[in-house]
Every structure is written in C-alpha cells, then in structure tokens.
Amino acid sequence: MAIEVGNVFEGRVTGVKPFGAFVALPEGRVGMVHISEVSNEFVQDIAAVLHDGDIVKVQVINIAPDGKIALSMKRLLPPPPRPAREGRGPAGGPRPGGPRQGGPREGGHFGAGRGGSGRPPREGGRPPRDSAPRVWQPKAPVRSDNMSFEDMMSRFKSQSEEKMADLDHETNNRRGGGYAPRGRGGRR
C-alpha cells in the first residue's frame, strides 16, 4: 500500500525524542508522531508512553513537500467522552434555581429607566437595540413630465449622495462611532 494521507499502518518505534516518536513505515520510510498526536490525554513525557521497538498503529496526517511524514496515533482512538458541565441543567433546558442574576428586569430592559449602564439614556441618540433596524426608504417619486434631462440627472445625483451619506453614517455607527475613516480625516 502506498503511503498517502489518511492511510493507516502498523509500524515499529525507532526513536523517541522529547517532541515525538519516529516510526518505521513500509517502503523503508520513516514518519514522526508528534507528542500532541499520541493520545487524547495530555502527554507530559512521551518516553513514559512509547519506547524503542514498540509496535504502534498510526495514520498518515500529512506529507510535506520535503518528504517528511506526519503521523497520528490519537486519530485512531475513539473520541474521549465529554464530561458533564457542572452547574448546568439539561441541554436547552432551564437553569437550576431560575434565571441568573443580572438578567432582564421589569419592562424587559436591563436597568429599566436607567439605560442599563447606570447612565441616563442619551437624548436623540440611537434607538433601542430591540427596535427594527433603520433601512433607507426611497422618497415618493416626483413627477417628471416636464423635467429636462439635466434636472433628472441632478435629482438622481442628490438622491444618490443622500443614500451614500446614510450608508456611511450607518457604517461608522456600527464600527464604534465618530472616528473619521483613515482615507478622509487623516492622523494628526
């Protein structure tokens, strides 16, 4: 069988170093199992797990352009069982003891009446996060029965500039606010 990524071989450990173990493969080739690919458990000292002459089952996980072969032993092991997380109820279910502290209060808002951060809400500021996003709406079309081409182009240009200004404003608000983009304001 040719040595290709994904193939599984039995080989003999020919050398153990602090970073991994070298394994003899068919066709006289040698690959290396990195210490992180030996076991599902943390391995502090690979010499405590593998010794020269051990027969091991390995999977080829990479073949570098220079011919080096990376091997894994842990990919052939069954995945470790996931331990149950403490303090959690069944998945998707309610938490034991009811809702956690710091959750929504009266009125469905954090810190009702205070803006949630202990500061009074800004006047004329952003709408609450739970409101629908603001979307640009075109103005009602103006009748263009007797408009010249230049007038129509002028109106199109002003509408386009309004749209671009709204998009630029929305983009800056999402990025964190009042800083000018690098290309326009420059640094001082």
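The numbers here are math on the coordinates, done by the rules we state, and not lab data. Just so you know, these numbers come straight off a predicted model, no measurement behind them. Methodologically, a virtual Cβ is constructed for each residue, glycine included, from the backbone with ideal geometry; neighbour enumeration extends over all protein chains shown.
Considering amide H positions built from the backbone, and no H for Pro or chain starts, which residues 5 or more places from Asn7, or on another chain, come under 5 Å of its amide H?
Counting only residues 5 or more places away or on other chains, the set is Val60.
Amide H neighbours of Leu25 under 5 Å, counting only residues 5+ apart in sequence or on other chains, H built in-plane at 1.01 Å?
Those qualifying (amide H under 5 Å, at least 5 residues apart or on another chain) are Val30, Gly31.
Convert each backbone phi in the stretch 61-77 into a coupling constant with the Karplus relation 6.51 cos²θ - 1.76 cosθ + 1.60 (shift: θ = phi - 60°), then list the ³J(HN,Hα) values in order as whole Hz, x for Gly and Pro.
Here the 3J(HN,Hα) series is 10, 6, 10, 6, x, 7, x, 5, 10, 9, 10, 9, 9, 6, 5, 8, 8 Hz.
Report, by chain and number, residues whose modeled amide H sits under 5 Å from the one on Gly20, excluding near sequence neighbours (fewer than 5 apart, same chain).
Ile35
Convert each backbone phi in the stretch 158-163 into a coupling constant with the Karplus relation 6.51 cos²θ - 1.76 cosθ + 1.60 (shift: θ = phi - 60°), then list the ³J(HN,Hα) values in order as whole Hz, x for Gly and Pro.
Values, residue by residue: 5, 5, 5, 5, 4, 4 Hz.
Of all GluC sites (Glu not before Pro) in the stretch 1-74, which ones are in loop regions per DSSP and have a Cβ with at most 11 other Cβ atoms within 10 Å? Walk me through the numbers before you get to the answer.
Values: sites: Glu4, Glu10, Glu27, Glu37, Glu41; in loops: Glu4, Glu41.
Hits after loop and neighbour filter: Glu4, Glu41.
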